[in-house]
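First up is the structure itself, then whatever we jot down about it.
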Amino acid sequence: MYPFNGTPGTRLLASTFTTPSSWLFDDRDAQFIVLFDTGGAIPTGRGLNGYRVISATLTVTVYNNNEFYYDSTYDLMSSYRDLDDPEHTVDFDVGRPIEVYPVGYRDGFSLANWTETSPFNVVGDPFVDGTRIRTAYAAWYSAAGAVTDVSLPVRDRLEIPPLAVATANLSGGQLVPSDTRFTFQMNVCDPGVQRYFAEGLNFGRMNFSIVSMHGASWDPDIGPGDPSYPVYYTSENPLAQVFGMTPTFAITVRVGSAGDYNDDGQRNFFDVQLFLNDFSNGRPEADLNSDCRFDFFDVQRFLNEFSN
Ligand SMILES: [Ca+2]
Ligand SMILES: [Ca+2]
Ligand SMILES: [Ca+2]
Ligand SMILES: [Ca+2]
């Protein structure tokens, strides 16, 4: 998802970056969108209340060697502002993080019809104004399913936490060697995130937008920044296929009611026993209202589902 990508969906490598100080483009200029068909593995059509994600993990592998620095924590969007901008804040750690967000759509596109070869835009002209015209974008979902484009977080002053910041087996501030695998352990303790997963699993596909704000060019206002930006192997890359470096997605999800907690088709004492065991041991399976706390509301939810 980049305005001047001539071959969307079929490239062997993809990159993420920002174009500093340009009003022509989204801040999150080059986004790497990955699609995973889940329908074969997870039942579809159970409705928005029919799924509860317990954990979700995405991985991507970096192709380029020692061209950007490892930063495993979120950087405030104000730290990406020009140095002479009164709202600029210091970036306290070396490098810039790689982040993943849900995907939103516009101009007639949706989860159902957006594919990896869909065009960047069908409305507007990126040579005139490339902002807010991409057909698929990094997004924030509310619990009610309202979608906000977070591709311009600096200009829009949005500090929207991602699903995850990528981590790797490296030290902070280290140059990232080629073939480093980055892992996104997603935060699912958010009703909007649960809503996003339910929409995807109900349809049978999960899409994610991987973004980073590494500068694509040296800029006199903000300095040299990173030497370069991350480049990733795509699923089309034959070498990545052979060596297991294509993007991966793993998910643990409960489909249907938690009343049949042990998933044996019956509701009886064993469901109560297993729920209480998970609950008292703080296992994510028992966090039935997905707020990462274990309290009365989870027990109440279990009793409701068990008796209905
Ligand atoms: Ca950081
Ligand atoms: Ca940083
Ligand atoms: Ca049962
Ligand atoms: Ca809870």
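Taken together, the values in this text are just the output of simple stated rules run on the coordinates, not laboratory data. Please read all numbers here as calculations on a predicted model, not as lab measurements. Heads up, the Cβs are rebuilt from the backbone with ideal geometry, glycines too, and the neighbour counts pull from every protein chain shown.
Points to keep in mind about this one:
- Along segment 88-102 the Karplus relation, 6.51 cos²θ - 1.76 cosθ + 1.60 evaluated at θ = phi - 60°, assigns HN-Hα couplings of 5, 10, 6, 7, 7, 10, 5, x, 10, x, 9, 10, 10, 10, x Hz to successive residues, with x for each Gly and Pro.
- Cα convex hull of segment 1-82, projected area averaged across orientations, nm²: 9.0
- For segment 119-215, the gyration tensor built on C-alpha atoms gives an oblate shape. Its axis ratio a/c (a ≥ b ≥ c) is at least 1.5, and a/b is not larger than b/c.
- FRET E, pair ALA112, LEU175, Förster distance 35 Å, beta-carbon r, rounded to 0.05: 0.25
- By the compact-protein rule of thumb, 2.2 N^0.38 Å, the alpha-carbon radius of gyration of segment 257-307 corresponds to a ratio of 1.00.
- With each label modelled as a point 7 angstrom along the Cα→C-beta vector, the THR167-ASN281 pair spans 2.2 nm.
- Difference of contour (0.36 nm per residue) and Cα-Cα distance, ASN308 to VAL272: 11.6 nm
- The chain - convex hull of alpha carbons, volume per residue in Å³: 149
- Once the chain from ASP156 to PHE4 is taken as fully extended at 0.36 nm per residue, the excess over their C-alpha distance is 52.4 nm.
- In order along segment 299-308, the phi-based Karplus estimate (6.51 cos²θ - 1.76 cosθ + 1.60, θ = phi - 60°) of 3J(HN,Hα) comes to 5, 4, 4, 4, 4, 4, 5, 5, 8, 8 Hz; Gly and Pro are listed as x.
- Segment 1-256, relative contact order in percent, only Cα pairs under 8 angstrom and at least six apart counted: 39
- Rel. contact order, % - alpha carbon contacts under 8 angstrom, at least six apart, segment 124-175: 20
- Summing Cβ point charges (Lys, Arg +1; Asp, Glu -1) relative to the Cα centre of segment 257-307 gives a dipole of roughly 120 debye.
- Loop-resident trypsin sites (Lys or Arg not before Pro) (DSSP state other than H, G, I, E or B) in segment 28-57 with no more than 15 further Cβ atoms inside 10 Å of their Cβ: ARG46.
- Positive-end residue, the chain charge dipole about Cα centroid, Cβ charges, pick of LEU35, PRO20, ASN169: LEU35
- Order of LEU83, LEU111 - criterion: other Cβ atoms within 10 Å of each residue's Cβ, fewest first: LEU83, LEU111
- Distant-in-sequence amide H partners of TYR51 (H built 1.01 Å from N, under 5 Å): GLY256
- Order of SER228, SER280 - criterion: other Cβ atoms within 10 Å of each residue's Cβ, fewest first: SER280, SER228
- Nitroxide proxy distance, nm - points 7 Å out along Cα→Cβ at ASP264 and GLU236: 4.9
- About the centre of its Cα atoms, the chain shows a dipole size close to 840 debye [charges on the beta carbon of Lys, Arg (+1) and Asp, Glu (-1) only; nearest 20 debye].
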